Amino acid sequence: MIKERKHVIVIGGGASGMVAAISAKRQGADVTILERNPRVGKKILATGNGRCNFTNINTDINYYNGNNPKFAYSALSQFSVNNTIDFFEKLGIAHKVEDLGKVFPMSDQASSILDVLLYELNEIGIRVICNAYVKNIVKGNKGFTIELEDGSVFKGDRVIIAVGGKAMPSTGSDGNGFELASKLGHSVIDVFPALVQLKLEGSFFKQIQGVKFVGTAEILYNNRSLAKDRGDILFANYGISGPPILQISRKAGEILKNNKKAILKITIIDTISQGELRDIIIRRFKNNPKKTVEFSLVGLINKRLIPVVLKEAGITNLKCPVANISNKEIDNIVKILTDWRFEVIGTKSWPSAQVTAGGVNTKEIDPNTMESKIMEGVFFAGEIIDIDGQCGGFNLQWAWSSGFIAGQNAAL
């Protein structure tokens, strides 16, 4: 008896959707992608500053967040980093590994990743329908009816929902997938922006916007450190940005979502101890006792930071000779440079976020197949699920892994 080919409809032509489609087609299914944008893969072009950091050789469960990060383990094991590199190698992507295990195409072009995926979709005969905004999914006796906003209807045996979350809405992610999942009986864990800049309490940020330094950033709650990272940090007119800030922003968002107080601790000088820094400042002051306190810090920290740091340390007369600066005031300067604290009053919104935290409840999805436990024949992949990774290629790896597994199982 010949097995009937399944018709799999993939909603969303992003990273997870395209790989899900390829995986299902390779398993023998007929596959249609419904993409709301005029073209597929729009968000891929923006990843890794246009270079597409498409995975990370250090990928493991510790780089993922969500109500149950361990949910990601099965998909990441079944379609691992090595499988990902091999998959793209066969499509034509030579790769290179850079700092912190980040993997990039040798071409340094995100468009290469999209080009080879598009070639494969075309080569193996996957139907791609663009400008197709899905409004409803209805389950009948014989599979599913997909209703589009323009009144068109598509029918399929299986459905993979891979529409992304709410981050970067310019790429088409408007949260529509959460509505579709809810209509099918799924619960959605509250979503909020992650890998995003932080807004801080303070009136001096316009003065220091654009000031950049290498330092350490930490999120504190009740004086306990919940997340910490080091690297290039950048002050902005609303607060603060830079890779370490994005990396720790999820914890801040989580605290704020629960209406609690999140504190950001910044260490501008983090290569020496507070005691050593104090000695350096005292020595500078003794060497040039006539210098103003403002000028005496030139060469130690960014010039534009000096007036703000001194005012925060309680020194209002910036022209005061250093000979007149008290030990207490020196201690205050040291404290600001090594343990400057700000209240986080929010994050930047969805257009600035790289990823969505929260999403479809993992308790309602089979981690081995990505199939819904609520409705047979419905599968999920990528950012719509309550799994999000740190910066560095981990989110794309989740997209490839969950997409591949969803596609493979939807075709069976």
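May I ask you to say which residue of Glu383, Glu371, Glu364, Glu329 is closer than 24 Å to Ser249 by Cα and either touching a residue at least 12 places away in the same chain (Cβ under 8 Å) or touching a strand residue (DSSP E or B) at 6+ places or on another chain (Cβ under 6 Å) (or both)?
None of the others qualify; the one that does is Glu383.
Within region 141-152, which residues are among the polar types (S, T, N, Q) and part of a loop (DSSP other than H, G, I, E, B)? Please lay out each step first, then the result.
Taking region 141-152 and keeping what is among the polar types (S, T, N, Q), we get 141, 145, 152.
Within region 141-152, Asn141, Ser152 qualify.
Could you count how many residues in region 90-125 are in contact (Cβ under 8 Å) with a residue 40 or more places away in the chain and crowded, with 19+ Cβ neighbours inside 10 Å?
Counting residues in region 90-125 that are in contact (Cβ under 8 Å) with a residue 40 or more places away in the chain and crowded, with 19+ Cβ neighbours inside 10 Å gives 11.
Mind counting the residues in region 105-140 that are more than 26 Å from Gln27 (Cβ to Cβ) and touching an Asp or Glu at 6+ places or on another chain (Cβ under 6 Å)?
Result for region 105-140: 3.
Across region 266-279, which residue is most open to solvent (accessible area, probe 1.4 Å) among those that are touching a residue at least 60 places away in the same chain (Cβ under 8 Å) and not in a helix (DSSP H, G or I)? Step through it out loud before you land on a result.
Here is the first cut: in region 266-279, the residues touching a residue at least 60 places away in the same chain (Cβ under 8 Å) are 266-270, 274, 277.
Within this subset, residues satisfying the condition of being not in a helix (DSSP H, G or I) are 266-270.
Values: Ile266: 0, Thr267: 18, Ile268: 16, Ile269: 24, Asp270: 43 Å².
Of everything passing the filter in region 266-279, Asp270 is most open to solvent (accessible area, probe 1.4 Å).
Quick one: would you say Glu254 is within 26 Å of Thr356 (Cα to Cα), assigned to a strand (DSSP E or B), among the charged types (D, E, K, R) and in contact (Cβ under 8 Å) with a residue 24 or more places away in the chain?
Working: within 26 Å of Thr356 (Cα to Cα): yes; assigned to a strand (DSSP E or B): no; among the charged types (D, E, K, R): yes; in contact (Cβ under 8 Å) with a residue 24 or more places away in the chain: yes.
Criteria not met by Glu254.
Would you check which residues across region 49-65 are open to solvent by 40 Å² or more (accessible area, probe 1.4 Å) and under 22 Å from Ser107 (Cβ atoms) and list them?
Across region 49-65, the qualifying residues are Asn49, Arg51, Ile57.
Return the residues of region 168-185 that are in a helix (DSSP H, G or I) and closer than 22 Å to Pro351 by Cα; say none if nothing qualifies.
Restricting attention to region 168-185, the residues satisfying the condition of being in a helix (DSSP H, G or I) are 169-171, 176-183.
Of everything in region 168-185, those that are in a helix (DSSP H, G or I) and closer than 22 Å to Pro351 by Cα turn out to be Pro169, Ser170, Thr171, Asn176, Gly177, Phe178, Glu179, Leu180.
Quick check on region 139-149: of everything there that is open to solvent by 60 Å² or more (accessible area, probe 1.4 Å) and within 32 Å of the chain's Cα centre (by Cα), which residue is nearest to Ile33 (Cα to Cα)? Show your work before the answer.
To start, the set of residues in region 139-149 that are open to solvent by 60 Å² or more (accessible area, probe 1.4 Å) comprises 139, 141-142, 147, 149.
Subset that is within 32 Å of the chain's Cα centre (by Cα): 147, 149.
On the way: Glu147: 14, Glu149: 16 Å.
Per the stated criteria, the residue is Glu147.
So which residues in region 1-42 are in contact with a helix residue (DSSP H, G or I) (Cβ under 6 Å, 6 or more places away or on another chain), surrounded by 23 or more Cβ atoms within 10 Å (Cβ to Cβ) and not in a strand (DSSP E or B)? Reasoning before the result, please.
Initially, region 1-42 is screened for residues in contact with a helix residue (DSSP H, G or I) (Cβ under 6 Å, 6 or more places away or on another chain), giving 8, 10, 14-16, 18-20, 22-24, 27, 31, 33, 41-42.
With the extra rule that they be surrounded by 23 or more Cβ atoms within 10 Å (Cβ to Cβ), the set shrinks to 8, 10, 14-16, 18-20, 22-24, 31, 33.
Matches in region 1-42: Gly14, Ala15, Ser16, Met18, Val19, Ala20, Ile22, Ser23, Ala24.
Give region 210-232 a look and list any residue that's surrounded by fewer than 16 Cβ atoms within 10 Å (Cβ to Cβ) and part of a loop (DSSP other than H, G, I, E, B), or say none.
Gly210, Asn222, Asn223
Could you please find all residues in region 153-167 being in a loop (DSSP other than H, G, I, E, B) and open to solvent by less than 40 Å² (accessible area, probe 1.4 Å)? Lay out the reasoning, then the answer.
Pass one, region 153-167, residues in a loop (DSSP other than H, G, I, E, B): 157, 162-167.
Those that are in a loop (DSSP other than H, G, I, E, B) and open to solvent by less than 40 Å² (accessible area, probe 1.4 Å): Ala162, Val163, Gly164, Gly165, Ala167.
If I ask for residues that are buried (at least 17 other Cβ atoms within 10 Å of the Cβ), more than 19 Å from the chain's Cα centre (by Cα) and farther than 30 Å from Glu376 by Cβ, which ones from region 179-201 would you list?
Going through region 179-201, the residues buried (at least 17 other Cβ atoms within 10 Å of the Cβ) turn out to be 180-181, 184, 186, 188-189, 191-200.
So of that shortlist, the ones also more than 19 Å from the chain's Cα centre (by Cα) come out as 180-181, 184, 186, 200.
Within region 179-201, Leu200 is the sole residue that qualifies.
When you scan region 236-249, do you find a residue that is open to solvent by 50 Å² or more (accessible area, probe 1.4 Å) and hydrophobic (A, V, I, L, M, F, W, C), even just one?
no
Whether any residue in region 126-135 is open to solvent by less than 50 Å² (accessible area, probe 1.4 Å) and either part of a strand (DSSP E or B) or modelled with pLDDT under 95 (or both) is what I want to check.
Checked against the condition, which is being open to solvent by less than 50 Å² (accessible area, probe 1.4 Å) and either part of a strand (DSSP E or B) or modelled with pLDDT under 95 (or both), region 126-135 yields at least one hit.
Only one residue in Ile263, Ile282 is more than 25 Å from Leu220 (Cα to Cα) and open to solvent by less than 50 Å² (accessible area, probe 1.4 Å). Which one?
Exactly one of Ile263, Ile282 is more than 25 Å from Leu220 (Cα to Cα) and open to solvent by less than 50 Å² (accessible area, probe 1.4 Å), namely Ile282.
Within region 286-308, does at least one residue satisfy the condition of being open to solvent by 30 Å² or more (accessible area, probe 1.4 Å), under 30 Å from Lys260 (Cα atoms), without any contact (Cβ under 8 Å) to a residue 24 or more places away in the chain and in a helix (DSSP H, G or I)?
No, region 286-308 contains no residue that is open to solvent by 30 Å² or more (accessible area, probe 1.4 Å), under 30 Å from Lys260 (Cα atoms), without any contact (Cβ under 8 Å) to a residue 24 or more places away in the chain and in a helix (DSSP H, G or I).
Restricting to region 1-47, name every residue that is within 19 Å of Ile384 (Cα to Cα) and basic (Lys, Arg).
Within region 1-47, Arg36, Lys42, Lys43 qualify.
Which of the strands (runs of 3 or more DSSP E) found entirely inside region 316-412 contain at least 1 residues meeting this: open to solvent by 30 Å² or more (accessible area, probe 1.4 Å) and of a type in the set (Lys, Arg)?
Working: elements: 340-347, 355-360, 378-380.
Hits in region 316-412: 340-347.
The values are calculated or read from the model by the stated rules, or taken from the named source; none is laboratory data. The shown structure was predicted, so the numbers you read here are calculated from the model rather than taken from an experiment. Positions of Cβ are generated from backbone atoms using ideal geometry, with glycine treated the same way; all protein chains shown enter the neighbour counts. Side chains included, ligands, DNA and RNA excluded: accessible areas come from the protein's heavy atoms. Shrake-Rupley method; radii C 1.70, N 1.55, O 1.52, S 1.80 Å.
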